[in-house]
1. In Å, what Kirkwood hydrodynamic radius results for the chain from the alpha-carbon pair distances?
2. Between ASP58 and SER19, 0.36 nm times their residue separation minus their Cα-Cα distance comes to what?
3. Only four residue types carry charge here, +1 at the Cβ of Lys and Arg and -1 at the Cβ of Asp and Glu. Report the dipole size of the chain about the Cα centre in Debye, rounded to the nearest 20.
4. Using a cut-off of 10 Å between beta-carbons, work out the net charge of the residues near TRP46 (Lys and Arg +1, Asp and Glu -1, TRP46 not included).
5. In nm, to one decimal, how far is the modelled label at GLU67 from the one at SER28, with both set 7 Å along Cα→Cβ?
Amino acid sequence: MDDGRTDLDALAGIEPFTSDGERLGKVSEVKDASFKVDAPFKPDFWLPLNMVASVTADRVLVSFPKEQLDHYKSNEPLVA
C-alpha cells in the first residue's frame, strides 16, 4: 500500500554535514525542493535538496563548506 512517502522522506532524522565536516543538526522534514534542518540552539532553517552531495544511513553530506551556509539556507522551503 502506498502511504504517500518518498525516498526523500527517509532523510528525516539523519544528521547533515557540510563538505568540511561541520554538523548542522538533524533533518526534520522534507518538503518540495528543500529539507529542514533542526539546528541545535539556533533557529531551524531550510536547505535546497540539490545541494545534497551524498546520503548514507546516518549522514547527509551537502556540497558546500560551512562558511557558505548563509548563502544556501532559507527560512522557508523552496518550491519545486
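1. For the chain, inverting the mean 1/r across all distinct Cα pairs yields 12.6 Å.
2. Computed gain between ASP58 and SER19 is 12.5 nm.
3. Taking the Cα centre of the chain as origin, the dipole is about 200 debye.
4. After counting each charged neighbour, the total is -1.
5. 2.9
Read-outs throughout are calculated quantities, based only on the coordinates presented, and are distinct from any laboratory measurement. No experiment lies behind these values; they were computed from the predicted model shown. Ideal geometry is used to build each Cβ from the backbone, glycine not excepted, and the neighbour counts take in all protein chains shown.
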